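Taken together, the values in this text are just the output of simple stated rules run on the coordinates, not laboratory data. Since this is a predicted model, take the numbers as computed values, not measurements. As a convention, Cβ positions derive from the backbone with ideal geometry for all residues, glycine included, and neighbour counts pool all protein chains shown.
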Amino acid sequence: MPQPVRFVIVGSGASSSLPNLRHVLQPEAKCPVCLEAWENPESKNRRGNPCMLVTVREPKPQHLLVDCGKTFEEAVRRHFRKLGVKGVNAVLLTHGHADAILGLDSLREVQLAREPPDQWVLKAKTPIIASSDTVKEVWSHFHYMLPEGSGSPSLRRRSSLARIVTGLAPHRVKDFQKFLALPGLQVQCLPVLHGGTYVCLGFRFGAKGEFVYLSDVSKVPDDTMKILKSTRAEVLVVDALLKTGPNYSHFGLPQALDLIRELRPQRAYLIGMSCQFDHFHDNQQLFKLQSEGLHVELSYDGLEVEVNLSVDADVKPLDEEPAELELPPPPPRKSLLGSVVQRLCGSW
Ligand SMILES: [Zn+2]
Ligand SMILES: [Zn+2]
């Protein structure tokens, strides 16, 4: 029996986010999209890093966060309270770039929102679902949040500043693997290229791929395309950084439209847009594609989409990972004095 699932795009912009800092600080750049986004806090041109919140309601409300990049804190301030979200039940990562993982440290306060106000120690680790390569990239930035080789819990591990941090429980997934990310929420990993040979994961939600999310893609490999073509998605979210054409690691509008024409989803939303796109003007242009039977829109921060998702009977939740991870040792810890000297010398 398909269940209604809520997808909220809480970040729809490029890695540099909008308004772009350069275009705010350099008014002579005369970027009307960034200036409009700067002046109007409610502007749909105000775009954070690609980020999505997926909510299943039965048997009880649970939330999956897809990516947690540099602008995650702002996404929480703008959207989580409005959506009634206190903490997330799991995090799913597309890849290890800054705009996908650099907000992970800020999860601590979000997760503490599920505890009583006087409670400041987290009771549980946060499951983090990602490819093995992405877990390594998370490790290189946030080694204090992942389990140590000794198997001791990271939950209350003290950093050099005796700081209590969010513990992450990694669950490594493979290309094309199907699993339940939350009860009733089936996900399949779809590898895509994101610049050269760098692999990023796209995700196909539901047994029939009712909702497809491809946030960072420069090329769709044949094996992934075969799966995408096997069913018609109700909703496709697809990368489009530039209006004028492709970037080394991202689709532009022409490539996104080529994919939409090939897959013909019921609705398609663009994501990861730079300030080449103006929400109002370009949505009017995209509306003209209805003459081809295509429904294409720019997504925006706060866009909510509801889709009924089915689940295959044989798809199971992910197993607990062993406490000991086969990861390289964390970078050497600098002494506090060494850090201060380094800062004063300007080589931070
Ligand atoms: Zn701009
Ligand atoms: Zn990226």
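Along the Cα→Cβ direction, 7 angstrom out, place labels at LEU318 and LYS123. What is the inter-label distance in nm?
Between LEU318 and LYS123, the label points sit 2.3 nm apart.
Within a 10 angstrom radius of the beta carbon, how do ASP282, ASP223 rank from fewest other beta carbons to most? Could you put the intermediate results ahead of the total?
Numbers: ASP282 19, ASP223 12.
Ranked by crowding around the Cβ, least crowded first: ASP223, ASP282.
Taking only the alpha-carbon positions of the range 265-321 and ignoring solvent, what does the Debye formula give for the base-10 log of I(q)/I(0) at q = 0.14, 0.22 Å⁻¹?
-0.58, -0.92
Express as a percent, rounded to the nearest 5, the fraction of DSSP beta bridges in the chain (both residues included) that run antiparallel.
Within the chain, antiparallel bridges account for around 60 percent of the total.
Which whole-number percentage describes the relative contact order of the range 3-344, with Cα contacts under 8 Å and a sequence gap of 6 or more?
Values: 761 pairs, mean separation 63.7, N = 342.
In percent, rounded to a whole number, it is 19.
Distance cut-off 20 Å, Cα to Cα: go down the list LYS136/LYS174; LYS70/LYS219; LYS86/LYS136 and report the pairs above it.
Pairs exceeding 20 Å: LYS70/LYS219; LYS86/LYS136.
Hey, can you grab everything whose amide H is under 5 Å from the amide H of THR126? Only 5+ residues off in sequence or another chain; H modelled, so Pro and N-termini drop out.
Those qualifying (amide H under 5 Å, at least 5 residues apart or on another chain) are GLY167, LEU168, ALA169.
Order these by the 10 Å Cβ neighbour count, fewest first: HIS295, HIS95.
HIS295, HIS95
Name the residues of the range 92-136 whose amide N is less than 15 Å from a point 7 angstrom out from the Cα of ASP175 along the C-beta direction?
Under 15 Å, as judged by backbone N against the label point of ASP175, lie 131-134 of the range 92-136.
What does the charge add up to near MET273, with Lys and Arg as +1, Asp and Glu as -1, over the other residues with Cβ less than 15 Å from its Cβ?
Working: positive: LYS44, ARG46, ARG47, LYS243; negative: GLU36, ASP99, ASP216, ASP239, ASP278, ASP282, GLU297, ASP301.
For residues surrounding MET273, the net value is -4.
Just check the chain against the gyration tensor rule for me: Cα atoms, a ≥ b ≥ c as the square roots of the eigenvalues, rounded for a/c under 1.5, and otherwise prolate or oblate depending on whether a/b exceeds b/c.
Judged from the Cα gyration tensor, the chain comes out oblate (a/c at least 1.5, b/c at or above a/b).
Pulled fully out, how much extra length does the chain show between ARG261 and LYS60, if you take 0.36 nm times their separation in residues and subtract their Cα-Cα distance?
The ARG261-LYS60 span can extend by a further 68.6 nm.
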